[in-house]
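Written below as structure tokens is the structure these notes are about.
The values are calculated or read from the model by the stated rules, or taken from the named source; none is laboratory data. As the structure is a prediction and not an experimental result, all values here were calculated from the model. Using ideal geometry, Cβ is built from the backbone for each residue, glycine included, and neighbour counts are taken over all protein chains shown. Accessible surface areas use protein heavy atoms only, side chains included; no ligands, DNA or RNA. Shrake-Rupley method; radii C 1.70, N 1.55, O 1.52, S 1.80 Å.
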Amino acid sequence: GETGIGKSTLMNTLFNTTFETEEASHYESAVRLRPRTYDLQESNVHLKLTIVDAVGFGDQINKDERQVSYRPIVEYIDTQFENYLQEELKIRRSLFNYHDTRIHVCLYFITPTGHSLKSLDLVTMKKLDSKVRGWRLWSLFLEVVNIIPIIAKADTISKSELHKFKIKIMSELVSNGVQIYQFPTDDEAVAEINSVMNV
């Protein structure tokens, strides 16, 4: 998502902690990826979480194919999968203590315009989705990046506008062949809630 759309606030809220962040400028000349790894613990659950922030995403106007906002993100994802593959292919691999830096989920923040997706959003999600379905001939595994679209600052629009906007976004994603993460519905405890979220 773009600068100032609420990404840091959501992450702090999701994990009930304050992650270190530095103010991002709207005047970045290019997209810069900033990975940060945190060791979190709640009760006896230990989690090593890496958050990769795409600083400057969507802030540029440049439409040059070599400079587009999604390119550094897609290249970063490719590099992380390549690193993991190289570790997997070693004769003496040490995956037990290997720090897996692959991207497992992309929380994609959408500006609440109320109209439709921006072309940059649609193109970027299509590029990320192609990572989900794109087999490489030399790869032993499928590259998976689960996309979860989030309407940022949804509390700034009415419930009816939000509902219409969500339907419009889902329609655009479906008509453009972009697949997003589908929450599991096979567990009775969460089936009802998750099936509503999948719509």
Problem set entry | Inter-label distance, nm, simple model (7 Å from Cα along the C-beta direction), Val45/Glu161 | 3.5 nm
Problem set entry | Nearest-10 value in Å² for the accessible area of Thr156, using the 1.4 Å probe | 100 Å²
Problem set entry | Heavy atoms of His46 accessible to a 1.4 Å probe, total area in Å² rounded to 10 | 120 Å²
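When the expected Rg is taken as 2.2 N^0.38 Å, what fraction or multiple of it is the alpha-carbon Rg of the stretch 146-199?
Numbers: Rg = 12.4 Å, N = 54, 2.2 N^0.38 = 10.0 Å.
For the stretch 146-199, the normalised Cα radius of gyration comes out at 1.24.
So for Ser119, Ser69, what's the accessible-area order with a 1.4 Å probe, most first? Present the calculation step by step, with values, prior to reporting the outcome.
On the way: Ser119 85, Ser69 10 Å².
Descending accessible area places them as Ser119, Ser69.
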